[in-house]
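Written below as structure tokens is the structure these notes are about.
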Amino acid sequence: MEILVCVKQVPDDSVEISLDPKTGAPALDGVTPVVNAFDTYALEMAKRYIEDNGGNVTVATIGDDDATAALRTCLAVGAGKAFLIKDASFAGSDTTAKAYILSKAVAKIEEINGAKFDIVFCGKEATDFSKGMVGVQLASELGVGVATDVIAVDPAEGGVTVKQETETGYNVIEMTTPCVVTIQKPDYDPRYPTIKTKMAARKATINEVTAADLAV
């Protein structure tokens, strides 16, 4: 099973953030960027899946050089490869543009890896804007099925079975692969990196793809 986990680096939501009195924008100076919380759940679920069933986990993010910190954090907790989708033209992209960029990046990363992705994992939403649309729009761009608010993924003949959390309970959905799933908080927490894995992640290669690579 080949899995791609899309992650986003966001301001640490455990820190109280005030508004800049001059601009009215969030005052983020001094706030440490971290991997979006729901993306950490997505990565942990993907990692547990391949530990039980075999396969590989790749992580990718759209961002500038600062976003390599998020990718190295992901490598330190079990991702096998990391890709930075980097271009000045991507700055300020809305959810529709991000989904389009990611769809092109999926194809490029598959080409580089020499293998198609079976599942793309996304956090259900980002903690900085909480729109929750990128995963759904990405599935549309890729032309594959999508399940949202997923708390478990298990292998099934011809694909996977996912458990979806709803306001009234749960749905169990059988999906063919390839597909996209957006991850809600499961009943476990993400693992922590060790000193050894942190050191290895610092030395690991971060692959870069640009707008020219993606022809966008």
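The values are calculated or read from the model by the stated rules, or taken from the named source; none is laboratory data. Only a predicted model underlies this, so the values are computations on that prediction, with no experimental measurement involved. Every residue, glycine as well, gets a Cβ built from its backbone with ideal geometry; the counts of neighbours run over all protein chains shown. Surface areas here come from the heavy atoms of the whole protein model, side chains and all, with no ligands, DNA or RNA. Shrake-Rupley method; radii C 1.70, N 1.55, O 1.52, S 1.80 Å.
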Computed, not fitted: 222 nm per-residue ellipticity of the chain from DSSP H runs ≥ 4 (each -39500 (n - 2.57)), nearest 500, equal to -9500 deg cm²/dmol
Taking 0.36 nm per residue of separation between Tyr188 and Asp128 and subtracting their Cα-Cα distance, the length gained on full extension comes to 19.3 nm
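To the nearest 0.05, what FRET efficiency results for Lys196 and Thr161 with a Förster distance of 35 Å applied to their C-beta separation?
For Lys196 and Thr161, the calculated efficiency is 0.50.
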Quick calc, the chain, dipole around Cα centre from Cβ unit charges on Lys, Arg (+) and Asp, Glu (-), nearest 20 debye, gives 580
Projected onto the charge dipole of segment 95-161 (unit charges on the beta-carbon of Lys, Arg, Asp and Glu, signs +1, +1, -1, -1), the Cα from Thr148, Gly114, Met133 with the largest positive-side position is that of Met133
Under a 1.4 Å probe, counting only protein heavy atoms, Arg48 has an accessible area in Å², nearest 10, of 90
For segment 34-92, the charge dipole (Cβ of Lys, Arg +1; Cβ of Asp, Glu -1; about the Cα centre) points to a positive end, and the Cα of Ala88, Leu43, Ile62 closest to that extreme belongs to Leu43
Mean Cβ-within-10 Å packing, highest first, puts peptides 122-129, 85-92, 97-104, 196-203 in the order 122-129, 97-104, 85-92, 196-203
Of the listed pairs Lys98/Lys163; Lys163/Lys196; Lys131/Lys196; Lys47/Lys124, those with alpha carbons more than 29 Å apart are Lys163/Lys196; Lys131/Lys196
Heavy-atom accessible area per residue of the chain, all protein chains kept, 1.4 Å probe, expressed in Å², is 52
